[in-house]
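Below you'll find the structure, written out as structure tokens, and then a few comments.
The values are calculated or read from the model by the stated rules, or taken from the named source; none is laboratory data. Predicted, not measured: the structure shown is a model, and the values here were computed from it. Cβ coordinates were reconstructed from backbone atoms using ideal geometry, including for glycine residues, and neighbour counts include every protein chain displayed. Just the protein is used for accessible areas: all its heavy atoms, side chains included, with ligands, DNA and RNA removed. Shrake-Rupley method; radii C 1.70, N 1.55, O 1.52, S 1.80 Å.
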Amino acid sequence: MSSDPFYREAILDHYRHPRHKGHLEDADVHYHDHNPFCGDEITIELKVENDVIVDAAFDGRGCAISQATASMLMEEVIGMPLEEVRKWDKESVLEMLGIEIGPVRLKCALLPLKALKAGVWGLEEWPE
Ligand code: FES
């Protein structure tokens, strides 16, 4: 993890006090994914009105990066059009995290993004 104390602290704070963790009643989008290498899991749920995300929640278990990224993403997506979130990529997540991370940790950060993207594209499962 980067030594930048501000971002490091922000990530640890999201990990210790996750935002929007739990379940949504009547979610319009529900997507579950896991990292086959470590078994960590993320479920994303979204409530959508007129193609805008009006509420979001995640559940899961795993490392600090995967869980903190999920928490940060949930804060970001509320109020966003689906179209906007469909454009997000690896760079968007790295920018949000504000740290440099190596290839192994990158997989951790991308797990929640993958679940979120699959959800906003309406996938039932990730295409192989
Ligand atoms: Fe499993 Fe990070 S170690 S997602």
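Structural remarks
- Residue among LEU24, LEU82, LEU46 that is farther than 19 Å from ALA10 by Cα, touching a residue at least 24 places away in the same chain (Cβ under 8 Å), of a type outside the set (Phe, Trp, Tyr) and touching a Lys or Arg at 6+ places or on another chain (Cβ under 6 Å): LEU24
- For the range 100-118, the set of residues classified as within 14 Å of the ligand (Cβ to nearest atom) and outside any helix (DSSP H, G or I) consists of ILE101, GLY102, listed by residue number.
- Set TRP88, TRP126: member being more than 17 Å from HIS20 (Cα to Cα), open to solvent by 10 Å² or more (accessible area, probe 1.4 Å), touching a residue at least 12 places away in the same chain (Cβ under 8 Å) and more than 16 Å from the ligand (Cβ to nearest atom): TRP88
- Reported count of residues in the range 32-66, each being more than 16 Å from the ligand (Cβ to nearest atom), touching a strand residue (DSSP E or B) at 6+ places or on another chain (Cβ under 6 Å) and either of a type outside the set (A, V, I, L, M) or in a loop (DSSP other than H, G, I, E, B) (or both), is 4.
- Residue in the range 97-105 that is modelled with pLDDT under 95, closer than 18 Å to HIS17 by Cβ, crowded, with 17+ Cβ neighbours inside 10 Å and touching a helix residue (DSSP H, G or I) at 6+ places or on another chain (Cβ under 7 Å) present: yes
- Within the range 31-64, the residues that satisfy the criterion of being open to solvent by 20 Å² or more (accessible area, probe 1.4 Å), of a type in the set (A, V, I, L, M, F, W, C) and under 19 Å from LEU97 (Cα atoms) are CYS63, ALA64.
- For the range 114-121, the condition of being open to solvent by 50 Å² or more (accessible area, probe 1.4 Å), more than 26 Å from ASP4 (Cβ to Cβ) and touching a residue at least 24 places away in the same chain (Cβ under 8 Å) holds for at least one residue.
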